[in-house]
Amino acid sequence: MDKVRRRVCLQLGVAAAAGLGVASVAAQQRFTIRYNHVLGPAEPYHEGFMTWARRVDERSRGALRIEVFHSAQLGREEDIIEQLRQGAPLGQNTDAARLGNFVPGIAVLNAPYFVDSVDEVARLRESATVRQWTDELAQRHGLRVLSFGWVQGHRHFFTNRPVRRPDDLRGLRIRTPPAPVWQESIRALGATPVAMAFGEMFPALQQRAIDGVELVHNNIPAGRFWEVLRYANETRHITLVNFQVVSARFFDSLPRELQQVLVEEADRAGLETTRRIQQLEAEIRPQLRTRGMTIIEDVDIAAFRRAGERAYEVLNLVEQRRAVHRELGRS
């Protein structure tokens, strides 16, 4: 009987030790990340961030919490990124274009027709060149990428006149985020880029300060852009890959168990959100028609691809694209 008792006690001790992990962390320290994004509360991304926050809280038993703030409630994206670099316990949904301000090569992920599908985005994890860029962001610029598996979909031009070829964009002022790769990509495709914060687009369209925007389908109903735009021109010129970023200093201060939880749940929620967006796109297109928008499907994609080459040349991203495509097995 004593041998049996000792064996049981030993097994319980091993199980308890294996289960310490996050539970022991929860008993010692608690951490909070205030997470900012520019999209509205009706956007699929916001729901995805809330799911991520809930799961992190559950898995960490309250040791790590994420407080999600929509509609840029904590401030402009660029300002939050600067605070992250200083070590603030914040987070930001961002893109390769803005991160390219620090590591120029990574901006290539945001260039015209760089990737064509969600599967290709997933394979970017295999790229040694991409890993080198994300490591540099953390080590030299204080920005820790948790996940870039959040794909918002293809971006298209939304305007008040039909666009089928790059020439149709000539003379149109199109809002873009304030980063060089956005500016040069839209310029290469034929339009005049106008840097502007996300929340300023609707009034700018009302006041005719801009002639159109380039967004994903899911942004349109959330922002009620059908009230000020007539055409959805399906150029698919950028597959929008989003990055979830926190302060590298703050991330390094977390116990390893919490780091693992934060990264794993970011990837998991990102994949689910990407799939949800793909489902929603099929539902939203008929909604746009019902609201009076015309969807232009017969776009000359080949002409837009050719025009987009100019952006790679101007931004000196030709070699970077070649390196990543080679690692993905693309010619």
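The values are calculated or read from the model by the stated rules, or taken from the named source; none is laboratory data. Given the structure is predicted, the values throughout are model-derived calculations rather than measurements. No Cβ is skipped: glycine too gets one built from the backbone with ideal geometry, and neighbour counts run over all protein chains shown.
Here residue 121 does not qualify as under 17 Å from the mean Cα position of the chain (by Cα), at pLDDT 95 or above and assigned to a helix (DSSP H, G or I). For the structure I just gave you, tell me whether residue 213 is of a type in the set (A, V, I, L, M, F, W, C), free of Cβ contacts under 8 Å to residues at least 24 places away in the same chain and in a strand (DSSP E or B). Against the criterion (of a type in the set (A, V, I, L, M, F, W, C), free of Cβ contacts under 8 Å to residues at least 24 places away in the same chain and in a strand (DSSP E or B)), residue 213 does not qualify.
From the list 233, 242, 316, which residue is part of a loop (DSSP other than H, G, I, E, B) and either hydrophobic (A, V, I, L, M, F, W, C) or touching a residue at least 40 places away in the same chain (Cβ under 8 Å) (or both)?
On the way: 233 fails: part of a loop (DSSP other than H, G, I, E, B); 242 fails: part of a loop (DSSP other than H, G, I, E, B).
Criteria check complete, one pass: 316.
Looking only at residues of the range 76-89 that are assigned to a loop (DSSP other than H, G, I, E, B) and in contact with a Phe, Trp or Tyr (Cβ under 9 Å, 6 or more places away or on another chain), we find that the one that is surrounded by the fewest Cβ atoms within 10 Å (Cβ to Cβ) is 87. One residue is enough: does the range 190-207 have a residue meeting the conditions touching a residue at least 40 places away in the same chain (Cβ under 8 Å) and in contact with a strand residue (DSSP E or B) (Cβ under 8 Å, 6 or more places away or on another chain)? No - not one qualifying residue is present in the range 190-207.
Examine the range 138-145 for a residue that is within 25 Å of residue 221 (Cα to Cα) and in contact with a helix residue (DSSP H, G or I) (Cβ under 8 Å, 6 or more places away or on another chain), and state whether such a residue exists. Quick ask: steps written out before the conclusion?
So in the range 138-145, the residues within 25 Å of residue 221 (Cα to Cα) come out as none.
No, the range 138-145 contains no residue that is within 25 Å of residue 221 (Cα to Cα) and in contact with a helix residue (DSSP H, G or I) (Cβ under 8 Å, 6 or more places away or on another chain).
With respect to (1) at pLDDT 95 or above; (2) in a loop (DSSP other than H, G, I, E, B); (3) of a type outside the set (D, E, K, R), the lone exception for residue 48 is condition (2).
Matching residues to (1) of a type in the set (Val, Ile, Thr); (2) under 13 Å from residue 245 (Cα atoms); (3) surrounded by fewer than 22 Cβ atoms within 10 Å (Cβ to Cβ); (4) modelled with pLDDT under 95:
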residue: 65; (1), (2), (3), (4): no, no, yes, no
residue: 69; (1), (2), (3), (4): no, no, yes, no
residue: 74; (1), (2), (3), (4): no, no, yes, no
residue: 91; (1), (2), (3), (4): no, yes, no, no
residue: 97; (1), (2), (3), (4): no, no, no, yes
residue: 110; (1), (2), (3), (4): no, no, no, yes
residue: 116; (1), (2), (3), (4): no, no, yes, yes
